[in-house]
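Down below is the structure, laid out as structure tokens.
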Amino acid sequence: MSCSSCSTNKSGVPNGCKSNGNCATGTCGSGNKLAVFDWLSNMTLPSGEAPFNIFEVRFKNGRKHFYKNPENLTLSMGDVVAVEGSSGHDVGIVSLAGELVRVQMKKRKITTDSDEVKKIYRKASQKDIDVWQEARGRELETQRKGREIISRLGLKMKLSDVEYQGDGTKATFYYTADERVDFRQLIRDLASAFSIRVEMRQVGMRQEAARLGGIGSCGRELCCSTWLTDFRKVNTAAARYQQLSLNPLKLAGQCGKLKCCLNYELDTYLDALQSFPKQDKVLKTEKGDAVFVKMDIFKKLLWYTYKEESFKWYKLSLDQVQEIIELNKNNELALPLEEYELEITEEVSVDFENVVGQDSLTRFDVPKKSRKNSRRRKRKPTSKTEVDKQPQTNKRQKKKPQGKTEKTEGGQKTEKKRVDNRKPRPKNNPKTRKPKPESKTTDKPQGQQKKPRNPRKKNNNQRKRNNSDNKNNTNNEK
């Protein structure tokens, strides 16, 4: 609602372009990086005062500069304009107009008569826009070939981005390097390869991440590429105050430096730590001296351990620690930490409670069967000997014979128990068992001798051959 198409009507109701968050002109929506809302656009100036004649123009990746309007053109936010450049003209989009530009210039300490404030030539024509779009389309290919040239020359630098001027006669190469780089030969090779004027500009790691963008560990877009305009220093002391582990892999962002979000809650932690004792304070008890281990700032809990028995930690509240410190100031020893720990009562916090009476999510799941039983069932015997050893179980079990029924004098039927006259089978006792007599070898013809069982199954052809051999043997005997 900051550009002309989204301004309010006479009754003060915003018109809106119905773009669902992204402005149709490409300036005031959430889809643009570092977009600004002009909340003074609907306010009229006092009588006799001329509007501020300097505009803020935005270029690629949020780069912004201030430009004068000497021709008094009617410009509004979102207009594409041709502005003064170095030996040529550049094309950008008006991002801010009116009194807010004066505030931004004061914030950046830029005066109206400064040399940094250049001129606006005209509103961009269709020809200017076509040349500008064509130059923007060559940036990726220029960046790829530029990296090939850098690797061929063996320079220790990283080319992060390329930006063409609006007229396509100049390109700015943004790079990062840990050491000073001599790129005189590189400029000659780039100028001859692309037939343009070359400008090399070194940026820091944070500026590189802001230009490239990305998703942070929190799951949102990087702060430096969306709304963060100034980069403050981040020290490891901010992590210490927030009781974070000094792990560089967790504390560093995509730029390789400490995350900017470590400074967001630092003031809150500093205010909460004012009531806590210093961490190097030693508590003197009857059992011995206790030293600090860790703390939970917002729950106001501290953990201490004895110097001699450092394997066990004792949880104390902030009031208990302050009470022990007051006793030590009066040259008195406090009770052992075990007794203080017993006084702490924790409130049970209910994270989830089944108020509605919902069923279990796993009520339709089939319980898993044990794999051992399934493997035993699927296993089949490989030979006939194993089949003979297995007990044969009949599905149809025979009913046990019932005793005979006889009628008595009263007419009642009585069952007569069946008497088992079978002799008991002798048990196999190794001591009393007699050795089996040795089988006498009798001279039998070759055909009558028993053949050993072959575990393999015979084919039909093998069976026919065996039958024919047996018939021949019997005929010869006759």
XL table 145/257; 257/278; 284/315; 278/299; Cα-Cα > 19 Å flagged, in table order, is 145/257; 257/278
Nearest-0.05 FRET efficiency for residue 270 and residue 151 at R0 = 51 Å, using Cβ-Cβ distance, is 0.60
At R0 = 56 Å the Cβ-Cβ FRET efficiency linking residue 261 and residue 125, nearest 0.05, sits at 0.80
Quick calc: nm separation of the 7 Å Cα→Cβ label points for residue 47 and residue 364 -> 7.6
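Taking Cα atoms of the range 198-349, Rg/Rh with Kirkwood Rh, to two decimals?
Values: Rg = 21.5 Å, Rh = 18.7 Å.
Looking at the range 198-349, the ratio lands at 1.15.
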Of the range 245-281, those with amide N under 19 Å from the point 7 Å along the Cα→Cβ vector of residue 220 are 251-255, 258-269
With a Förster distance of 25 angstrom and the Cβ-Cβ distance between residue 138 and residue 63, calculated FRET efficiency to the nearest 0.05 equals 0.85
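Read the figures in this text as sums done on the coordinates, not as results from a lab. Predicted model only: the values in this text are computed from it and were never measured. Positions of Cβ are generated from backbone atoms using ideal geometry, with glycine treated the same way; all protein chains shown enter the neighbour counts.
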